[in-house]
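Written below as structure tokens is the structure these notes are about.
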Amino acid sequence: MPSSVLPYASPLLSLPRAVPAEGLDAGVAAHYGDLFREQRALAAGEGMVDLSHREVVTVAGPDRLSWLHLLLTQHVADLPPGHATEALILSPKGHIEHVLYLVDDGETTWAHTEPGAAGALLAYLESMKFFYRVEIADRTAEFAVVHLPAGSIAEVPAGTVVRETAHGRDVFLPRGELAAFADGHAPPAGMLAYEALRVEAHRPRLGRETDHRTIPHELGWLDTAVHLDKGCYRGQETVARVHNLGRPPRRLTFLHLDGSEVRLPEPGDPVRLAAEGPEGRQLGFVTTSARHHELGPIALALLKRNVPVDAELLAGETPAAQEVVVEP
């Protein structure tokens with residue numbers, strides 16, 4: 001299982017041609033020998049992605065939804081069983097600390113989150129229990145997350161918790177069944193293919209598109225993870241103030257990169273105006289870059305709000321054209 005002490009290694013890394021991922025996705029496969037084939041399979045609704053390095057948290061008890069409603073940015077007080085949503089936990093100043101991908105099965109709320117995040121998440125949740133009838137648990141040792149792409153007709157074992165969205169199904173699979181499930185749902189796709197489709201869909205990710213001062217407005221999370229008509233959560237004052245003023249300091253943008261460049265820009269590489277060259281003022285930074293099977297090299301970047309949306313840019317040293325994700 002994922003652990004802050006021992007490096008995690010998925011059993012699927014023993015599959016033929018599996019190449020381990022690094023960094024945030026260490027422990028699962030970056031690819032299985034053919035990045036573009038894996039992307040095309042996912043886009044066609046075939047195969048699966050091993051997300052078993054992600055961590056699983058559950059909240060049970062009769063007060064779970066009303067209690068979570070007080071803590072999260074999302075409206076979950078009346079979350080119907082089987083309805084997927086996502087939510088944030090913010091700092092007192094409104095900066096993003098945690099992202100939870102949620103579903104409730106009628107008795108328990110299930111969430112998966114980033115590798116290494118469960119410890120701090122559970123510590124915060126435990127500190128907020130007070131008199132509420134809730135039971136919080138780290139279930140990462142018991143359950144692994146597996147992703148089935150949108151359009152997949154693959155079956156999952158009866159009784160398995162599934163979180164279904166427009167982007168596919170996240171399956172909370174008993175960890176001991178991971179290898180057998182993968183064998184029956186081939187071909188596997190690695191994180192490089194999964195991430196390329198995430199970038200194409202303009203979907204932000206904690207630890208990729210965020211830093212210590214990111215607020216939800218900058219990444220478009222107001223549309224999917226924040227309910228603007230509810231209060232009573234930490235950081236809500238910042239959310240309301242910035243929304244009413246309409247002036248977040250930065251904005252997420254999608255970049256079409258020059259395909260003649262061999263090297264992809266790295267996360268953290270500066271973004272500048274192409275007209276000013278590689279020594280010009282830094283206007284932002286690359287958050288994620290990828291090679292897409294149809295679009296070629298692409299990236300997400302976080303830019304200052306006032307960068308013109310039609311400005312030609314340099315991502316590192318690579319020429320880039322913008323596609324607006326968050327309006328300035």
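Descriptive notes on the structure:
- 10 °C / 1.306 mPa s Stokes-Einstein diffusion coefficient of the stretch 165-310, Kirkwood radius on C-alpha pairs, µm²/s: 90
- Taking amide H as placed 1.01 Å from N in the peptide plane, the amide H of residue 104 sits under 5 Å from that of 82, 83, 110, each at least 5 places away or on another chain.
- Within the chain, longest stretch free of exposed chymotrypsin sites (Phe, Trp or Tyr not before Pro) [DSSP loop, at most 13 other beta carbons within 10 Å]: 132-328
- Relative to the Cα centre, the charge distribution of the chain, modelled as +1 at Lys and Arg Cβ and -1 at Asp and Glu Cβ, gives a dipole magnitude of about 720 debye.
- Placing +1 on each Lys and Arg Cβ and -1 on each Asp and Glu Cβ, with no other charges, gives the stretch 249-327 a dipole about its Cα centre of roughly 340 debye.
- Close amide-amide hydrogen proximity is noted between residue 74 and 88, 227, each under 5 Å apart and 5 or more residues distant or on a separate chain (H modeled in the peptide plane; Pro and chain starts excluded).
- Of the GluC sites (Glu not before Pro) found in the stretch 214-289, those in coil by DSSP whose Cβ has at most 10 other Cβ atoms within 10 Å are 279.
- Apportionment of accessible area to carbon and sulfur, the chain, percent (1.4 Å): 53
- Cα pair distances of the stretch 1-141 binned at 10 Å [whole percent]: 11, 35, 30, 19, 5, 0
- Between the stretch 20-45 and the stretch 110-146, the C-alpha centres lie 27 angstrom from each other.
- Convex hull projection area averaged over all views, the stretch 249-327, Cα basis, nm²: 4.7
- Over the stretch 202-328, relative contact order from alpha-carbon pairs under 8 Å, at least 6 apart, %: 30
- Sorting the Cα pairs of the chain by distance into bins of 20 Å, from 0 upward, gives 31, 58, 11, 0 percent per bin.
- Taking all protein chains as they are arranged and a probe of 1.4 Å, the heavy atoms of residue 109 leave approximately 0 Å² accessible to solvent.
- Of the trypsin sites (Lys or Arg not before Pro) in the stretch 189-235, the ones in a loop by DSSP (not H, G, I, E or B) with at most 15 other beta carbons within 10 Å are 213.
- Considering only alpha-carbon pairs that sit under 8 angstrom and 6 or more positions apart, the relative contact order computed for the chain is 18 percent.
The values are calculated or read from the model by the stated rules, or taken from the named source; none is laboratory data. Fair warning: this is a prediction, and the values are worked out from it, not measured in the lab. For neighbour counting, all protein chains shown are included, and Cβ atoms are generated from backbone atoms with ideal geometry for every residue, glycine included. Accessible surface areas use protein heavy atoms only, side chains included; no ligands, DNA or RNA. Shrake-Rupley method; radii C 1.70, N 1.55, O 1.52, S 1.80 Å.
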